[in-house]
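Okay, so here's the structure we're looking at.
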Amino acid sequence: MEHDYKPHEIEQKWQKNWTKSRIFQAEPNERQKFFITIPYPYLNGNLHAGHTRTFTIGDVVARHKRMLGYNVLYPMGFHVTGTPIVGLAELIASRDPQTMDVYEHLHGIPKDILLTLETPENIVDYFKHEAEKAMRMIGYSIDWRRKFTTTDPTYKKFIQWQYIRLAEKNLIVKGSHPLKWCPNDNNPVEDHDILHGEGATIVEYTLIKFRYKDLVFPCATLRPETTYGVTNIWVNPNVDYLKIRVEKNGCEEFWVVSREAFRKLTFTDRKVEYIEDIPAKSLVGIKLTNPITGDIIISLPASFVRPENGSGIVMSVPAHAPFDYLALRDLYDADLHDYGITEDLKEIKLLSLIKVPEFGEFPAKEIVESMGITSQSDKRADEATKIVYRREFHGGILKKITGKYAGCSVSKIKDILTRDLISSDAGELFYELSEPVVCRCGTPCVVNMVKSQWFLNYSDPEWKSKVYKCLSKMRIIPEDYRVEFENKVDWLKDKACARKKGLGTRLPLDKEWLIESLGDSTIYMSYYIIAKFIEKGALSLEQLTLSFFDYILLGKGNNAAVSAETGIESVILEEICSDFTYWYPVDLRSSGKDLVPNHLLFFLFHHVALFGEENWPKALAVNGFVSLEGQKMSKSKGPILTMESAVRDYGADITRMYILSTAEQTQDADWHKTGIESTRKQVDKFYSFAEDVIESGKRGSISSELKQIDRWMLSRIQGYIHKTNIALDSIQTREAIQNSFFLLINDVKWYQRRGGENLLYYVLDNWVRLLTPFIPHICEEIWEAMGHKDPISLVQFPLYNEDLINDGAELCEEIIKDTLDDIEEIIRVTKMIPQKVHLYTAPAWKVSVIKKYICDINLKAYIEAGTFIKTLMVNPELRVFGKEIPKFVQKIDTEFKSGGAERYEIFDGLGLDEQDLLKESASFLETVICCPVEIHSADSPAYDPEKKSRFAEPLRPAIYIEGRNRE
RNA sequence: GCGGGAGUAACCAAGCGGUCAACGGUGAACGACUCAAGAUCGUUUCGCGAAGGCGUUCAUGGGUUCGAAUCCCUUCUCCCGCACCA
């Protein structure tokens, strides 16, 4: 063992050693297996601090389980399908300045190599080597024989099998899908292509088709149920309206909409054609038919109607919509003869259709009146609308007027009603952006209905219910994420699963399309098992037939038939099959929390769809992100810290320990230079401790005679072993490092300070094993220096041994430490230089009061202080102290009632005299405070000039310090 | 808007009904060692205190409780996701 800790030398040595000895190459055996996977990285850049956190968590769990005796498989592959790598190749080919800068300086790619990364293939080739190199440099215990890349022809065979089988189960369907669209670029827009409107979403409206003669007046609404309460419709006299021809599913209709609405409709799944302009004025005052009630209603003018929203025509529900009520009220006294309206609008009856506890019959009217809103241009009308809508949505029940829907809650009716409206041709669906979106090219975006897309049918209720079932049986770490997963399963809708651009596998049902890249990474954990055989050349591309995968993954068919069909030797086939049976299912999939609503969800969906329940995954874990000095990382724009550069600068062990100690579980971690620097010092301390212990040559053991401090150390280390194991089991890496490192190192310091040395070797022996999952290289080095031949990576992890827990020893140390702290506090406060310290143990009467109290409370569970005092006074020996007893009882009463009695019981059980304890420790106290210490009993103090002994209490000696003033 | 989460001492960050003036780590100050520096070790780091104590704290304002950083409600602030993108 070298005198100075040189991380890189040690790390290279052990990495070579591990590779050579193949100790992380996992093969089935008689031991229990543990199959842990982490999502493989997407290779459009080097691995960074975020990967470092997630993958290191995986490695720590893998190493911990391995040391607990499990047969652990921790494999890794590379994800390259999809568009970003293609995009990156284009950017590099065109020498985009920002890209060149970020990839050269932050990803650390040498300029001459960077210039060659002009094709996706070169990029994949380069980064997969870099990624493997980085993961080897940081010491992950990965079985590298199983690596693969998602563009491997063999992998594509696997994915095709997956999609053929999904299609057979009718989980892949063809349909239309609304997309944010730039009409100028004629392309979908993603958030990074947008000038403004990033937050915009696509909102599904229902168009209610009011009719007038042969014309349709569509009104867009989010609340189709309110159609039952429509009293009129609104048109804005200052807006341009058009008559258009609309064709959908072969049916032709003529609609009246605003000019803006016409433009939007051209992008929907309808054929539309301009016929003529219609003067707005001619639309006011006409009588239309409500398509679901058959009521005849009038059209009225309103200024709040905006041509760009919906169709530019609005249906009016004055009982429930404040704007409608206001607009109607504004017209009560207006002269509408111009429009040919002669009716008295006050005659229009408000129609109430929702019952809601907070309001009476006409919520809109009530709120407008109570808020004192004056007109439709009042700014508070928006607020009133929100309030009414929210109340009605959450607590509203439909009234009788809604016919067969009466009694339904408003929050549940929308989908049902919409479906009914569509089937009766009273309504249609219409998608609109929640806020204006402008493309980078300056063009306002629209919603475009893309036709004939391939979808994964995630909204299938049966499929979902299987996922719920799977979730309910799974362990979710941390448990609070379970709700999140359940919500997301609920929220997931059908998802387009094919694309035209990028790298990937062709969709078997339609070779025009490529399988979308989130869909080709859902069950690949099973492929790791096959990959080993492909890597060693036991399987050729042609042999990977559908029946091969059926046989291996689903257990369908039989060996002889598959062997005959594929030409794979029967023995090999059997081996692959039994490997799969042994390793599957996945025992733990651990990932960053960003993958919860996508990858992890799909991982579950595809598993439950294809595999039998016995092969459904067992556990999911999620962890937080990593930021750099408070800044969010970005692969394409920086800042970024690569795994390799962190390891190069600080070493693997230090990087590993730092990234896992700085934040817990789903908390985000912030990478600070000062933080990792201090970790370096900490690891260094551990190294020198180990070195000192080894060099001293002393190997005391726990079977030799133990002193108080030894028993204390023994007990403490057991506590940390216990907590570390528990923490690692629930992937609380910070908690695990706190216990196995920081708290333990502090105790070791105290142990040595108190003169402990007998157990130093024992401590090291446990400690080094405890830390191996986190900092494996340095631990191997120390383990070897301790004289062991076998790698520590395969040695038994320390297990909790309750027999070594010694509450008494811990209590005694606590008394000493507290006494020392008290003495030091007095010295500090009085600013004196101590000449002599006198300690007084408690008088016998206080001890007997406490004993009596404990005895009584054990009998009765509750003690009333006054009664207790009376029973004490009966005893003549105690009666002598009658004056002091009430005060003392009061004190212990409050203390004990909040659970403070335990310490006394423990001490009592020791059969130890406090005098002896203090006398034993006196010499220690003397060295720390640099003056003599004398122990007295408060019962008969030889020296007590200031009567301090009266403060003595059991487990808390009184203190009197003689000192001189500081000059 | 919807859904999830967070606000703790100089900073990072645990705690999530009594053991809490609140783990641990940074940073800072002082002391020990040293010719000195670094490393290391010790002490302190909310306020007051020449006796181990007292007082005021865990975003905010209320409430529940014998007892709240911890439970419930109000308000404020911040972060994340909302999709066809990995």
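The values are calculated or read from the model by the stated rules, or taken from the named source; none is laboratory data. Predicted, not measured: the structure shown is a model, and the values here were computed from it. Note: ideal-geometry Cβ built from the backbone for every residue, glycine included; neighbour counts use all protein chains shown. These accessible areas exclude ligands, DNA and RNA; they are computed on the full protein's heavy atoms, side chains included. Shrake-Rupley method; radii C 1.70, N 1.55, O 1.52, S 1.80 Å.
For region A:485-523, which positions are within 6 Å of RNA strand B (Cβ to nearest atom) and open to solvent by less than 70 Å² (accessible area, probe 1.4 Å)?
A:LEU492, A:LYS495, A:ALA496, A:GLY502, A:GLU516, A:SER517, A:LEU518
Out of A:THR83, A:THR56, which single residue is polar (S, T, N, Q) and buried (at least 23 other Cβ atoms within 10 Å of the Cβ)?
Result of the check over A:THR83, A:THR56: A:THR56.
Would you tally the residues in region A:104-154 being closer than 27 Å to A:PRO639 by Cβ and either part of a helix (DSSP H, G or I) or among the basic types (Lys, Arg) (or both)? Talk me through it step by step, then tell me what you get.
As a first pass, look at region A:104-154 and keep what is closer than 27 Å to A:PRO639 by Cβ: A:104-118, A:120, A:122-140.
Remaining after also requiring either part of a helix (DSSP H, G or I) or among the basic types (Lys, Arg) (or both): A:104-106, A:111-114, A:120, A:122-137.
Residues that pass the stated criteria total 24.
On the basis of being surrounded by fewer than 18 Cβ atoms within 10 Å (Cβ to Cβ), within 16 Å of RNA strand B (Cβ to nearest atom), touching a residue at least 24 places away in the same chain (Cβ under 8 Å) and part of a helix (DSSP H, G or I), does A:GLU435 make the cut? Full working, then the answer.
Details: surrounded by fewer than 18 Cβ atoms within 10 Å (Cβ to Cβ): yes; within 16 Å of RNA strand B (Cβ to nearest atom): yes; touching a residue at least 24 places away in the same chain (Cβ under 8 Å): yes; part of a helix (DSSP H, G or I): no.
No; evaluated as a whole, the condition is false for this residue.
Within region A:525-563, track down each residue that is hydroxyl-bearing (Ser, Thr, Tyr) and in contact with a Lys or Arg (Cβ under 9 Å, 6 or more places away or on another chain). Give the derivation first.
Start the filter on region A:525-563 by keeping residues that are hydroxyl-bearing (Ser, Thr, Tyr), which leaves A:526-528, A:540, A:545, A:547, A:551, A:563.
Those that are hydroxyl-bearing (Ser, Thr, Tyr) and in contact with a Lys or Arg (Cβ under 9 Å, 6 or more places away or on another chain): A:TYR527, A:TYR528, A:THR545, A:SER547.
For region A:934-945, does any single residue satisfy the condition of being surrounded by fewer than 17 Cβ atoms within 10 Å (Cβ to Cβ) and near RNA strand B (Cβ under 10 Å from one of its atoms)?
yes
With the structure loaded, tell me whether A:SER465 is in contact with a Lys or Arg (Cβ under 6 Å, 6 or more places away or on another chain), closer than 23 Å to A:ASP494 by Cα and either of a type in the set (S, T, N, Q) or assigned to a strand (DSSP E or B) (or both) or whether it fails that test. Steps first, answer last, please.
Working: in contact with a Lys or Arg (Cβ under 6 Å, 6 or more places away or on another chain): no; closer than 23 Å to A:ASP494 by Cα: yes; either of a type in the set (S, T, N, Q) or assigned to a strand (DSSP E or B) (or both): yes.
No, not satisfied.
Give me the residue from region A:639-650 that is part of a loop (DSSP other than H, G, I, E, B) and open to solvent by 20 Å² or more (accessible area, probe 1.4 Å) and, out of that set, modelled with the highest pLDDT. Talk me through it step by step, then tell me what you get.
Restricting attention to region A:639-650, the residues satisfying the condition of being part of a loop (DSSP other than H, G, I, E, B) are A:639-641.
Those still in the list that are open to solvent by 20 Å² or more (accessible area, probe 1.4 Å) too: A:639, A:641.
Values: A:PRO639: 86, A:LEU641: 91.
Applying the filter and picking the extreme gives A:LEU641.
Among A:LYS365, A:LYS349, A:LYS355, A:LYS281, which is open to solvent by less than 80 Å² (accessible area, probe 1.4 Å), assigned by TED's automatic domain parsing to the domain that holds A:GLY396 and either charged (D, E, K, R) or in contact (Cβ under 8 Å) with a residue 12 or more places away in the chain (or both)?
Details: A:LYS349 fails: open to solvent by less than 80 Å² (accessible area, probe 1.4 Å); A:LYS355 fails: open to solvent by less than 80 Å² (accessible area, probe 1.4 Å); A:LYS281 fails: open to solvent by less than 80 Å² (accessible area, probe 1.4 Å).
Step by step, each of A:LYS365, A:LYS349, A:LYS355, A:LYS281 is checked, and only A:LYS365 is open to solvent by less than 80 Å² (accessible area, probe 1.4 Å), assigned by TED's automatic domain parsing to the domain that holds A:GLY396 and either charged (D, E, K, R) or in contact (Cβ under 8 Å) with a residue 12 or more places away in the chain (or both).
Within region A:901-910, track down each residue that is within 14 Å of RNA strand B (Cβ to nearest atom) and either exposed (fewer than 13 other Cβ atoms within 10 Å of the Cβ) or modelled with pLDDT of 80 or more (or both). Walk me through how you get there before you give the answer.
Within region A:901-910, the first condition is being within 14 Å of RNA strand B (Cβ to nearest atom), and the residues that meet it are A:901-906.
Selection gives A:GLU902, A:ARG903, A:TYR904, A:GLU905, A:ILE906.
List pairs: first residue in region A:247-271 and surrounded by fewer than 20 Cβ atoms within 10 Å (Cβ to Cβ), second residue of a type in the set (Phe, Trp, Tyr) anywhere in the structure, Cβ distance under 9 angstrom, at least six positions apart or on different chains.
So the pair list comes out as A:ARG259/A:TYR241; A:PHE267/A:TRP181.
Pick out the one residue from A:LYS836, A:LYS851, A:LYS870, A:LYS883 that is within 14 Å of RNA strand B (Cβ to nearest atom) and over 28 Å from A:LEU706 (Cα atoms).
Details: A:LYS851 fails: within 14 Å of RNA strand B (Cβ to nearest atom); A:LYS870 fails: within 14 Å of RNA strand B (Cβ to nearest atom); A:LYS883 fails: within 14 Å of RNA strand B (Cβ to nearest atom).
Within the list A:LYS836, A:LYS851, A:LYS870, A:LYS883, the selection yields A:LYS836.
Could you identify the single residue in A:ASP653, A:ASP692 that is among the charged types (D, E, K, R), more than 9 Å from RNA strand B (Cβ to nearest atom) and modelled with pLDDT of 95 or more?
On the way: A:ASP692 fails: modelled with pLDDT of 95 or more.
So the residue among A:ASP653, A:ASP692 that is among the charged types (D, E, K, R), more than 9 Å from RNA strand B (Cβ to nearest atom) and modelled with pLDDT of 95 or more is A:ASP653.
If you scan region A:789-841, which residues turn out to be over 26 Å from A:LYS749 (Cβ atoms), open to solvent by 80 Å² or more (accessible area, probe 1.4 Å) and of a type in the set (D, E, K, R)?
Scanning region A:789-841 gives A:LYS789, A:ASP790, A:LYS831.
Just to check your reading of the model, which residue among A:ILE159, A:ILE138, A:ILE194 is modelled with pLDDT of 95 or more, among the β-branched types (Val, Ile, Thr) and within 16 Å of RNA strand B (Cβ to nearest atom)?
Details: A:ILE138 fails: within 16 Å of RNA strand B (Cβ to nearest atom); A:ILE194 fails: modelled with pLDDT of 95 or more.
Matching residue, one of A:ILE159, A:ILE138, A:ILE194: A:ILE159.
Can you pull out every residue in region A:885-900 that is of a type outside the set (S, T, N, Q) and either open to solvent by 20 Å² or more (accessible area, probe 1.4 Å) or without any contact (Cβ under 8 Å) to a residue 12 or more places away in the chain (or both)? Spell out the reasoning first.
To start, the set of residues in region A:885-900 that are of a type outside the set (S, T, N, Q) comprises A:885-889, A:891-893, A:895-897, A:899-900.
Matches in region A:885-900: A:PRO886, A:LYS887, A:LYS891, A:GLU895, A:LYS897, A:GLY899, A:GLY900.
Quickly run through region A:556-594 and pick out the residues that are within 37 Å of the chain's Cα centre (by Cα) and either of a type in the set (Lys, Arg) or over 21 Å from A:ARG146 (Cβ atoms) (or both). Steps first, answer last, please.
Pass one, region A:556-594, residues within 37 Å of the chain's Cα centre (by Cα): A:556, A:576-594.
Hits for region A:556-594 are A:LYS556, A:ARG589, A:GLY592, A:LYS593, A:ASP594.
Does region A:695-738 hold any residues that are among the aliphatic types (A, V, I, L, M), within 15 Å of RNA strand B (Cβ to nearest atom) and over 23 Å from the mean Cα position of the chain (by Cα), and which are they? Outline the logic, then answer.
Of region A:695-738, the ones among the aliphatic types (A, V, I, L, M) are A:702, A:706, A:709, A:713-714, A:717, A:721, A:726-728, A:731, A:736-737.
With within 15 Å of RNA strand B (Cβ to nearest atom) added as a condition, the list becomes A:709, A:713, A:726-728, A:731, A:736-737.
Across region A:695-738, the qualifying residues are A:ILE709, A:MET713.
Picking from A:LEU539, A:LEU554, A:LEU546, which residue would you name as being away from RNA strand B (no atom under 16 Å from the Cβ), touching a residue at least 12 places away in the same chain (Cβ under 8 Å), assigned by TED's automatic domain parsing to the domain that holds A:VAL622 and buried (at least 21 other Cβ atoms within 10 Å of the Cβ)?
Numbers: A:LEU554 fails: buried (at least 21 other Cβ atoms within 10 Å of the Cβ); A:LEU546 fails: buried (at least 21 other Cβ atoms within 10 Å of the Cβ).
Result: A:LEU539 is the single residue among A:LEU539, A:LEU554, A:LEU546 that is away from RNA strand B (no atom under 16 Å from the Cβ), touching a residue at least 12 places away in the same chain (Cβ under 8 Å), assigned by TED's automatic domain parsing to the domain that holds A:VAL622 and buried (at least 21 other Cβ atoms within 10 Å of the Cβ).
If A:VAL189 satisfies every condition in (1) near RNA strand B (Cβ under 9 Å from one of its atoms); (2) in contact (Cβ under 8 Å) with a residue 40 or more places away in the chain; (3) open to solvent by 60 Å² or more (accessible area, probe 1.4 Å) but one, which is the exception?
The one condition A:VAL189 does not meet is (3).
I'd like the full set of residues that are open to solvent by less than 10 Å² (accessible area, probe 1.4 Å) and either within 9 Å of RNA strand B (Cβ to nearest atom) or in contact with an Asp or Glu (Cβ under 7 Å, 6 or more places away or on another chain) (or both), limited to region A:588-598.
Correct list: A:VAL596 only.
Given A:ILE476, A:ILE534, A:ILE529, which one is touching a Ser or Thr at 6+ places or on another chain (Cβ under 9 Å) and open to solvent by less than 50 Å² (accessible area, probe 1.4 Å)? Quick ask: steps written out before the conclusion?
Working: A:ILE476 fails: touching a Ser or Thr at 6+ places or on another chain (Cβ under 9 Å); A:ILE529 fails: touching a Ser or Thr at 6+ places or on another chain (Cβ under 9 Å).
Result of the check over A:ILE476, A:ILE534, A:ILE529: A:ILE534.
Residue-wise test of (1) within 15 Å of RNA strand B (Cβ to nearest atom); (2) crowded, with 16+ Cβ neighbours inside 10 Å.
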position	(1), (2)
A:PHE602	yes, yes
A:GLY612	no, no
A:ASN615	no, yes
A:ALA669	yes, yes
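For A:SER472, only one of the following conditions fails: (1) farther than 25 Å from A:GLY592 by Cβ; (2) without any contact (Cβ under 8 Å) to a residue 60 or more places away in the chain. What is its number?
Condition (1) is where A:SER472 drops out.
Do any helices (runs of 4 or more DSSP H) entirely within region A:30-103 hold 3 or more residues that are under 20 Å from the mean Cα position of the chain (by Cα) and away from RNA strand B (no atom under 16 Å from the Cβ), and if so, which? Outline the logic, then answer.
Numbers: elements: A:49-67, A:84-93, A:97-101.
Passing ranges, in order: A:49-67.
Name the pairs whose Cβ atoms lie under 8 Å apart, with the first residue in region A:731-751 and at negative phi, the second open to solvent by 60 Å² or more (accessible area, probe 1.4 Å) and near RNA strand B (Cβ under 10 Å from one of its atoms), and 6 or more positions between them or separate chains?
Pairs found: A:ILE745/A:LYS685; A:TRP750/A:LYS817.
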